[in-house]
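Engineer: If you scroll down you'll find the structure; I have some questions about it.
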Amino acid sequence: MSTPNEVALINTCHGQMVVEFWSDVAPGHVENFKKLARQGFYDGTAFHRVVKGFMIQGGDPLTKDAANEGRWGTGGPGYKIKQEFNDRPHVRGVLSAARSQDPDSAGCQFFVCLADAKFLDRQYTAFGKLIGGDDVLEAIGSVETKSAGGGEKSRPTRRMSVESVQIVPRDSVQL
């Protein structure tokens, strides 16, 4: 069962990011992320989209297999969750739910802001924030990218892997 003092350890090829959750403003998204993390859903995925000065995006199960690269960014958990837009601003380090044009289309993909992105406020569900590992966020956000199709230069030229996402008690983490 979830407790409010839990954090996520996102273990990547560049090190670990620690994320606190905002259950008070986005309880459904927090519970969904924790549930998927506990199931090992994110283990072996990758940050498939890096837009310099904006955000890094991950959580797509299709990124576990390079053969699916043409479909990266389209994978999901098999369900969608209702938006929980809130007043938390999209600033550097904020964890938010990726979605399609439909506001209620989030499932498992997420992004972490590299800079202020106020234009996303109250249009995407912010549900947590980095409290450790800003250097890791910077390393992933600075990686060389190439065209991902569609013209956006956002596909990392080398794999930005997510080895695991663990949900642990906050007091067990040294920051």
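The values are calculated or read from the model by the stated rules, or taken from the named source; none is laboratory data. On a predicted model such as this, the values are computed, not experimentally measured, just so you know. All Cβ positions, even for glycine, are placed from backbone atoms using ideal geometry, and neighbour counts span all protein chains on display.
Engineer: Examine the stretch 49-66 for a residue that is at pLDDT 95 or above, in contact with a Cys (Cβ under 9 Å, 6 or more places away or on another chain), of a type in the set (A, V, I, L, M, F, W, C) and part of a loop (DSSP other than H, G, I, E, B), and state whether such a residue exists.
Structural biologist: Yes - at least one qualifying residue is present in the stretch 49-66.
A quick yes/no check of all residues on (1) in contact (Cβ under 8 Å) with a residue 24 or more places away in the chain; (2) part of a strand (DSSP E or B); (3) over 23 Å from residue 62 (Cβ atoms):
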position: 85; (1), (2), (3): yes, no, yes
position: 88; (1), (2), (3): yes, no, yes
position: 111; (1), (2), (3): yes, yes, no
position: 135; (1), (2), (3): yes, no, yes
position: 149; (1), (2), (3): yes, no, no
position: 155; (1), (2), (3): yes, yes, no
position: 174; (1), (2), (3): no, no, yes
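Engineer: Given the conditions (1) closer than 21 Å to residue 153 by Cα; (2) at pLDDT 95 or above, which single one is not true for residue 89?
Structural biologist: (1)
Engineer: Specify which of the listed residues (30, 7) is buried (at least 17 other Cβ atoms within 10 Å of the Cβ), in contact (Cβ under 8 Å) with a residue 60 or more places away in the chain and assigned to a strand (DSSP E or B).
Structural biologist: Numbers: 30 fails: assigned to a strand (DSSP E or B).
Result of the check over 30, 7: 7.
Engineer: So, in the stretch 80-117, of the ones that are out of contact with any Gly (no Cβ under 8 Å at 6 or more places or on another chain), aliphatic (A, V, I, L, M) and surrounded by 17 or more Cβ atoms within 10 Å (Cβ to Cβ), which residue ends up farthest from residue 136 (Cα to Cα)?
Structural biologist: 106
Engineer: Quick test for you: out of 77, 156, pick the one residue that is farther than 21 Å from residue 50 by Cβ and either surrounded by 15 or more Cβ atoms within 10 Å (Cβ to Cβ) or not β-branched (Val, Ile, Thr) (or both). Please lay out each step first, then the result.
Structural biologist: On the way: 156 fails: farther than 21 Å from residue 50 by Cβ.
None of the others qualify; the one that does is 77.
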